[in-house]
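Novice: What follows is a single structure, and I will ask about it in a moment.
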Amino acid sequence: MNPTMRLVVVAMICCSLLVAAVPGAWSDQPAQQKQAVNMLNAQPPRPATNVDDAALAALVPQGWAITDKLPCQLDGQGPRELAIIMCAVDPAQSGGEWWERYNGPSKVLILNEEAPAAGALAEFEFRGCAPPPDTNGHLPAALFTDDLNGDGIVELLVRTQEYAGGSGGWHHTNLIKWYLGAYKHAGEFGAKELGGLYFLDLHGQTPGREVVVMHFIWGDEEAHFAPHRYRAHMFGWANGYYVVIGDLNTSSRYDNPDDAFANLRRYLWKK
Ligand SMILES: [Ca+2]
Ligand SMILES: [Ca+2]
């Protein structure tokens with residue numbers, strides 16, 4: 001190698017080391033942190049309960065079935081609560097698809113885990129049914145908890161579904177929260193098929209994390225399975241429930257809501 005070439009090679013090595021040493025210049029965050037987690041499908045870890053369905057039978061109307069139950073400390077004190085969800089079930093459709101077998105609306109009861117048969121501490125009804133989870137992850141369990149607003153007490157999130165064929169189905173995610181001494185319906189997030197639901201701290205003026213619902217926009221001239229633009233609806237915690245704090249459309253088209261959300265996160269919200 002002649003002296004000029006050697007100088008060029010040394011300079012290139014030095015430049016590479018310099019770029020690698022500057023935070024953010026090469027790769028700003030590990031790929032894992034950038035991963036979009038669609039909460040319509042995710043299944044967070046869940047504690048077990050010793051309460052079996054037989055102990056709850058008196059709470060279930062004829063023709064209905066409990067499809068999920070989850071112990072949780074919803075009011076931040078005393079014994080744990082047990083959240084259960086039920087909907088109408090047609091045993092004649094046992095070999096059919098979930099939308100043939102299960103029918104909405106769904107009822108959610110909040111019980112005292114130590115005395116579940118004593119009756120509901122609170123009761124809610126939501127559109128859509130709550131089919132039991134399947135093994136391939138397309139139907140996650142209906143109930144999960146998360147301290148979304150960052151106040152140290154978890155909220156209960158309830159996922160129900162309505163199927164209307166093709167892209168006409170809807171996911172409904174409702175949020176139940178202990179607030180000012182009572183259980184409140186404190187948020188409702190609906191997403192069409194091919195949509196997504198994400199939690200991210202993207203706004204400094206509402207506490208905790210915000211909720212982002214991604215809806216796909218089916219343009220007039222677009223093929224159904226072609227990439228689509230997405231609309232992002234953003235909700236933040238204020239005055240006891242999640243309120244709309246923003247709304248925007250992507251200019252680019254994406255194959256799926258994860259990619260659309262990841263791009264907004266990276267380039268718009270810089271998270
Ligand atoms: Ca409690
Ligand atoms: Ca909370």
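Just so you know, all these numbers are worked out from the coordinates, no wet-lab data involved. If you're wondering where the values come from, they're calculated on a predicted model, not measured in any experiment. Counting neighbours? That spans all protein chains shown, and the Cβs are built from the backbone with ideal geometry, glycine included.
Novice: Using Cα-Cα distances under 8 Å and only pairs 6 or more residues apart, what relative contact order does the chain have, in percent? Please list the in-between numbers first.
Specialist: Values: 538 pairs, mean separation 33.3, N = 271.
So the answer I get is 12 percent.
Novice: What FRET efficiency would be calculated for the residue pair residue 218, residue 147, taking the C-beta separation as r and a Förster radius of 41 Å, to the nearest 0.05? If you can, show how the numbers build up before the last one.
Specialist: Numbers: r = 35 Å, r/R0 = 0.86.
About 0.70, to the nearest 0.05.
Novice: What fraction of the Cα pairs in the stretch 214-271, stated in percent, has a spacing above 20 angstrom? Write down the numbers at each step before the final one.
Specialist: Details: 521 of 1653 pairs.
Percentage above 20 Å: 32.
Novice: Oh, and also: With the Cα gyration tensor of the stretch 127-271 in hand, give its eigenvalues times 5 under a square root as the equivalent ellipsoid semi-axes, listed largest first in whole angstrom. Kindly include the intermediate steps, with their values, before the conclusion.
Specialist: Details: eigenvalues 135, 85, 30 Å².
With the √(5λ) rule applied to the stretch 127-271, the semi-axes are 26, 21, 12 Å.
Novice: OK, next. Among all the lysines, which ones have a C-alpha under 18 Å from residue 177's C-alpha, if same-chain residues fewer than 8 places away are not counted?
Specialist: The qualifying lysines are 69, 107.
Novice: Separate question: Note down the net charge around residue 111, summing +1 for each Lys or Arg and -1 for each Asp or Glu among other residues with Cβ under 11 Å from its Cβ. Numbers along the way, then the final one.
Specialist: Numbers: positive: 69, 80; negative: 81, 113, 114, 123.
Every neighbour counted, the sum reads -2.
Novice: Still on this structure: Report the Cα centroid-to-centroid distance between the stretch 110-189 and the stretch 206-225 in angstrom, as an integer.
Specialist: Between the Cα centres of the stretch 110-189 and the stretch 206-225 lies a distance of 21 Å.
Novice: Within the set of other residues whose C-beta is less than 14 Å from the C-beta of residue 247, count the net charge using Lys and Arg as +1 and Asp and Glu as -1.
Specialist: Details: positive: 229, 231; negative: 210.
Residues near residue 247 contribute +1 overall.
Novice: What aspartates and glutamates sit close enough to residue 271 to cross-link, taking a C-alpha to C-alpha distance under 16 Å and skipping anything fewer than 8 places away on the same chain?
Specialist: Leaving aside aspartates and glutamates fewer than 8 places away in the same chain, those within reach of residue 271 are 28, 201, 210, 258, 259.
Novice: Expressed as a whole percent, how much of the Cα-Cα distance distribution for the chain exceeds 35 Å? Write out the running numbers ahead of the final one.
Specialist: Working: 10535 of 36585 pairs.
That fraction is 29 percent.
Novice: Going Cα to Cα from residue 270, which lysines come in below 26 Å? Please leave out same-chain ones fewer than 8 positions away.
Specialist: List returned: 34.
Novice: Show that you can apply the helix-only estimate: for the chain, add -39,500 (n - 2.57) for every DSSP H stretch of four or more residues, divide by all residues, and state [θ] at 222 nm to the nearest 500. Spell out each step's value before the answer.
Specialist: Numbers: 4 runs with 34 residues, N = 271.
Value at 222 nm, helices only: -3500 deg cm²/dmol.
Novice: Sort 197-210, 241-254, 77-90 for me by packing, meaning the mean count of neighbouring Cβ atoms within 10 Å per residue, highest on top.
Specialist: 77-90, 197-210, 241-254
Novice: What per residue convex hull volume, in Å³, comes out for the stretch 134-217 when only alpha-carbon positions are used? Before the final figure, lay out the partial values.
Specialist: On the way: hull volume 9.6 nm³, N = 84.
Each residue corresponds to 114 Å³ of Cα convex hull volume.
Novice: Helix 3-21 against the longest principal axis of the chain: what's the angle in degrees, Cα atoms only, rounded to the nearest 10?
Specialist: Long axis of 3-21 versus the principal axis of the chain: about 30 degrees.
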